[in-house]
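> After the structure tokens below, expect a handful of questions from me.
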Amino acid sequence: MESMKDFENELQNSFRVLKIGEVLDGMIVDIDDDGVTCDIGYYTQGVVSLDAISDDPDFNALRDLKIGDTVKVIVVDLDDGKGNVQLSMKEARESEGWEKVEKLFASQETVSVHIKDKVPSGVITYLEGIRAFIPASQLALEYVEDTAPYVGKTMNVRVLSVDKNNKKLLLTAKAVLRENEEQGKRSRIAAIEPGAIFEGTVERMESYGAFILLSNGLSGLLHISQICEKRIKKPSEVLKMNQQVKVKVLKVEDGKISLTMKELEDKDQNETVDTDEEQDTPTSYNEEMSYTPFADLFKKLKL
């Protein structure tokens, strides 16, 4: 229940002097096809025309607002010609929105946005009520030629740059995608253990070694000293681009995979030698004797 003091405060506030540009809290008391009427605690009501509600083309006052809602409004004119204070929700939200996007830029927090439209060089969306642009070069890890398929999609983005004075807000999805890719790569690398054997493809050769694209999608370095037993001056003496090779993981350190072919080569050679030795060695003394001339003589001798 309101006290007399509360009533006096409301009465005093209703006759205070408003200033153009002042931001107020207004309670919606009516919504129609012409706009929104607000109680701003003043001796007269405030009105917000339809074009001063929101820049978002998907926003619908009759659907998205309801009587009793408290909204931020900014004073545009002290008299709209009908004795009401002219207000703008759009400008008030925009002023508040710029503060929020500046904080998002500073924190580099990831947020979700809904792509509204396409332009030749990118797409348009809205963040905190502010029209924002995502360049085609920032939509994916690779440059996007056709931006049409992105319209209607929800994307995770970060604020790339903020220019409040010129009302320019740039967003990037590429930075989020790259970070997710790096996190996935680090997880896959951490799962690899030294000694693991992979099939791979020679994807690049340098003077110090070759980079091998492994079957799990990761790349590792095959140092020139780990290619083969013999001393070589450059990897191309033994390897060719796109050649399929079998490699063994030597170590995983600081997110880098070191590989060897030489150790697998040594193993294959040892296995070959062991097999040959088994074939050349008699299994028993009796078997050896069965092949001597004396053994054959005793077989033919009749006592």
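The values are calculated or read from the model by the stated rules, or taken from the named source; none is laboratory data. Owing to the predicted nature of the structure, the values given are computational and were not obtained by experimental measurement. Glycine also receives a Cβ, built like all others from the backbone with ideal geometry; neighbour counts cover every protein chain displayed.
> Step by step: first the residues of the stretch 161-191, then only those that are among the charged types (D, E, K, R) and touching a helix residue (DSSP H, G or I) at 6+ places or on another chain (Cβ under 8 Å), then the one that is farthest from Y150 (Cα to Cα). Which residue is that?
K164
> Looking only at strands (runs of 3 or more DSSP E) that lie completely in the stretch 62-122, which have at least 1 residues being surrounded by 16 or more Cβ atoms within 10 Å (Cβ to Cβ) and under 36 Å from the mean Cα position of the chain (by Cα)?
Output list reads 70-77, 111-114, 117-119.
> Does any residue in the stretch 116-133 that is more than 13 Å from V157 (Cβ to Cβ) and among the small types (G, A, S) come within less than 7 Å, Cβ to Cβ, of a residue that is surrounded by 16 or more Cβ atoms within 10 Å (Cβ to Cβ) and at pLDDT 90 or above six or more places away or on a different chain, and which pairs are these?
Final answer for the pair search is S121/P135; S121/A136.
> Has the stretch 171-189 got any residue that is part of a strand (DSSP E or B) and at pLDDT below 95?
no
> Another question, if that's okay. Taking the stretch 228-257 as the region of interest, how many residues are surrounded by 15 or more Cβ atoms within 10 Å (Cβ to Cβ), within 13 Å of G200 (Cβ to Cβ) and not basic (K, R)?
Qualifying residue count, the stretch 228-257: 5.
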